[in-house]
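I have placed the structure first, in the form of structure tokens, so that the comments after it can refer back to it.
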Amino acid sequence: MGTPAPHGTDGFWETTGAAKTFTHPIDPALLAEFVPRTARVLDYGCGYGRLTAELVGLGYGAVRGVDRSAALIARGRRAHPGLALLRWSGFPLPFAAGSFDAALLFAVLTCVPDDADQRAIVGELARLVRPGGVLYVSDVPLQDDPFNRARYERFAARFGTYGVFQTLDGGVFRHHPPPWLRGLLRAAGFAVLRECRTVVPTLDGRTAERLQLMTRREPAVAGPAPG
């Protein structure tokens, strides 16, 4: 426990954000290629359990959803009373190291503007995913259209990171240079196996290019034997 609320964004996800309809679709074929139906799967940042429920519908029988928003988890429990959904606001999560064969991180980093908070999330997933297991990430890279370029420029001085911006309803989001995402994962011990780009709807009714990264948790490298 004790991870600080990134840029004070938790309030948005307990109020306005908790009523949003999430839009990042899962790719069942990509998932099935790397994650067998018998896998223990963690859906971190599960929101109201949209993808957690879809995983169960696809035949994954050991799925846990975790989110830091009490409002979103309450919504998920109302909509999907049979799902294993947990509200947990900090780190470490209440699972032993290597408890999962796979984890999903879908449109989560875009909701976490701060570098250190992103590293904390990916580092905790590295603890929880067993060596050889996979982390399936889907997030939003920097967009190249005039609307997004303008708001990146407009908010760069305020937030200190190009790509972080605030929406009219008060949400703070981040779009990423792809090398940042790859480096974040690599530093935590995940090797990128596959990259896919598609266009998806956004929370505000627009569309955006999204980047999917299927990664594998590499075994920890042993240090040199003592003298």
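Please report, ordered by residue number, the strands (runs of 3 or more DSSP E) entirely within the stretch 87-196 with at least 3 residues that are within 23 Å of Leu30 (Cβ to Cβ). First the steps, then the outcome.
Details: elements: 100-106, 129-139, 164-166, 172-174.
Those strands (runs of 3 or more DSSP E) span 100-106, 129-139.
When you scan the stretch 22-32, do you find a residue that is over 23 Å from Glu209 (Cα atoms), open to solvent by 30 Å² or more (accessible area, probe 1.4 Å), more than 16 Å from the chain's Cα centre (by Cα) and free of Cβ contacts under 8 Å to residues at least 60 places away in the same chain, even just one?
Just the residues of the stretch 22-32 that are over 23 Å from Glu209 (Cα atoms), to begin with: none.
Taking every residue of the stretch 22-32 in turn, none turns out to be over 23 Å from Glu209 (Cα atoms), open to solvent by 30 Å² or more (accessible area, probe 1.4 Å), more than 16 Å from the chain's Cα centre (by Cα) and free of Cβ contacts under 8 Å to residues at least 60 places away in the same chain.
List every residue pair whose Cβ atoms sit under 6 Å apart, with the two residues 6 or more apart in sequence or on different chains, where the first one lies in the stretch 102-122 and is in contact (Cβ under 8 Å) with a residue 12 or more places away in the chain and the second, anywhere, is of a type in the set (A, V, I, L, M) and in a loop (DSSP other than H, G, I, E, B).
Ala102/Val35; Ala102/Ala39; Thr110/Val140; Gln118/Val112; Val122/Ala188
Need the failing condition index for Val122 against (1) open to solvent by 20 Å² or more (accessible area, probe 1.4 Å); (2) in contact with a strand residue (DSSP E or B) (Cβ under 8 Å, 6 or more places away or on another chain), just the number.
Failing condition for Val122: (1).
To keep it simple, each residue is scored yes or no on (1) within 24 Å of Gly17 (Cα to Cα); (2) of a type outside the set (S, T, N, Q); (3) open to solvent by 80 Å² or more (accessible area, probe 1.4 Å).
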{"position": "Leu135", "(1), (2), (3)": "no, yes, no"}
{"position": "Tyr162", "(1), (2), (3)": "yes, yes, yes"}
{"position": "Gln166", "(1), (2), (3)": "yes, no, no"}
{"position": "Ala220", "(1), (2), (3)": "no, yes, yes"}
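Among the residues of the stretch 77-93, is any modelled with pLDDT of 95 or more, closer than 24 Å to Ala188 by Cα and out of contact with any strand residue (DSSP E or B) (no Cβ under 7 Å at 6 or more places or on another chain)?
Scanning the stretch 77-93, I find at least one residue that is modelled with pLDDT of 95 or more, closer than 24 Å to Ala188 by Cα and out of contact with any strand residue (DSSP E or B) (no Cβ under 7 Å at 6 or more places or on another chain), so the answer is yes.
Is it the case that some residue within the stretch 4-12 is open to solvent by 30 Å² or more (accessible area, probe 1.4 Å) and at pLDDT 90 or above?
So the first thing to find is which residues in the stretch 4-12 are open to solvent by 30 Å² or more (accessible area, probe 1.4 Å), and the list is 4-5, 7-8, 10-11.
After this cut, where a residue has to be at pLDDT 90 or above as well, the list is 11.
Within the stretch 4-12, one or more residues are open to solvent by 30 Å² or more (accessible area, probe 1.4 Å) and at pLDDT 90 or above.
Which of the numbered conditions does Phe173 fail, given that it passes all the others? Conditions: (1) over 23 Å from Gly57 (Cβ atoms); (2) open to solvent by less than 10 Å² (accessible area, probe 1.4 Å); (3) touching a Cys at 6+ places or on another chain (Cβ under 9 Å).
Phe173 satisfies all of (1) over 23 Å from Gly57 (Cβ atoms); (2) open to solvent by less than 10 Å² (accessible area, probe 1.4 Å); (3) touching a Cys at 6+ places or on another chain (Cβ under 9 Å) except (2).
The values are calculated or read from the model by the stated rules, or taken from the named source; none is laboratory data. No experiment lies behind these values; they were computed from the predicted model shown. Virtual Cβ from ideal backbone geometry, glycine too; neighbours counted across all protein chains shown. Side chains are part of the model used for accessible areas, which takes the heavy atoms of the whole protein and leaves out ligands, DNA and RNA. Shrake-Rupley method; radii C 1.70, N 1.55, O 1.52, S 1.80 Å.
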